[in-house]
Amino acid sequence: QVQLVESGGGLVQAGGSLRLSCAASGRTFGSYAMGWFRQAPGKQRELVAAISSGGSTNYADSVKGRFTVSRDNAKNTVYLQMNSLKPEDTAVYYCAAAPGRRYYYAPDYDYWGQGTQVTVSS
């Protein structure tokens, strides 16, 4: 069982930055692929960025060059650094853990955090 707790969301002006953190419980954190998803009102949940257990990363086209996902296995924490934020980045951001080698889609993930709100004002 893995429990995930996100933090770091908030209100920021367009062009600003935020860093989200996701703290995980459990001894096997390092074996999970970790993903950051977001869901805006009226829209489907989408994968923003993911990092495999080996450190390979994947990004949605809409955030490439602006967002960076990283992990610190010693701290059981995954991060999402978000720069050059845009109003369309406004959403609830969720951290999730995938136990297998597949981590590109929401059904690949078994554990989810409660979400943290990110609001970007224009």
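The values are calculated or read from the model by the stated rules, or taken from the named source; none is laboratory data. Quantities reported herein were computed from a predicted structural model and do not represent experimental measurements. Backbone-built Cβ (ideal geometry, glycine too); neighbour counts: all protein chains shown. Heavy atoms of the whole protein, side chains included, go into the accessibility calculation; ligands, DNA and RNA do not. Shrake-Rupley method; radii C 1.70, N 1.55, O 1.52, S 1.80 Å.
Can you work out the PRE-style zone for Leu11? Point 7 Å along Cα to Cβ, and I want the residues of region 69-101 with backbone N under 17 Å. Label zone hits: 86-92. Model label points for Lys43 and Gln114, set 7 angstrom from Cα along the Cα-to-Cβ axis, are 2.4 nm apart. Take every pair of alpha-carbon atoms less than 8 Å apart whose residues are at least six positions apart; their mean separation over the length of the chain yields a relative contact order of 36 percent. Couplings 3J(HN,Hα) for region 68-78, derived from phi with the Karplus relation 6.51 cos²θ - 1.76 cosθ + 1.60 (θ = phi - 60°), are 9, 9, 8, 9, 10, 5, 5, 9, 6, 9, 10 Hz, where x marks Gly and Pro.
Annotation: amide H-H contacts under 5 Å for Gly115 (H modelled 1.01 Å from N, sequence separation of 5 or more, or interchain): Glu6, Cys95.
Here region 1-106 has 45 percent of its accessible surface on carbon and sulfur atoms, given a 1.4 Å probe and all protein chains in place.
Computed from backbone phi with θ = phi - 60° and the Karplus coefficients 6.51, -1.76 and 1.60, the 3J(HN,Hα) list for region 94-100 is 10, 9, 8, 10, 10, x, x Hz; x is used for glycine and proline. Here each label is just a point 7 Å from Cα along the line to Cβ, and for Gln81 and Asp61 those points are 2.6 nm apart. Phi angles across region 4-16 convert, under the Karplus curve 6.51 cos²θ - 1.76 cosθ + 1.60 with θ = phi - 60°, into 3J(HN,Hα) values of 10, 10, 8, 8, x, x, x, 9, 9, 7, 4, x, x Hz, Gly and Pro given as x. Heavy atoms of the protein chains alone define the surface here; on that basis the chain has 52 Å² accessible area per residue at 1.4 Å probe size.
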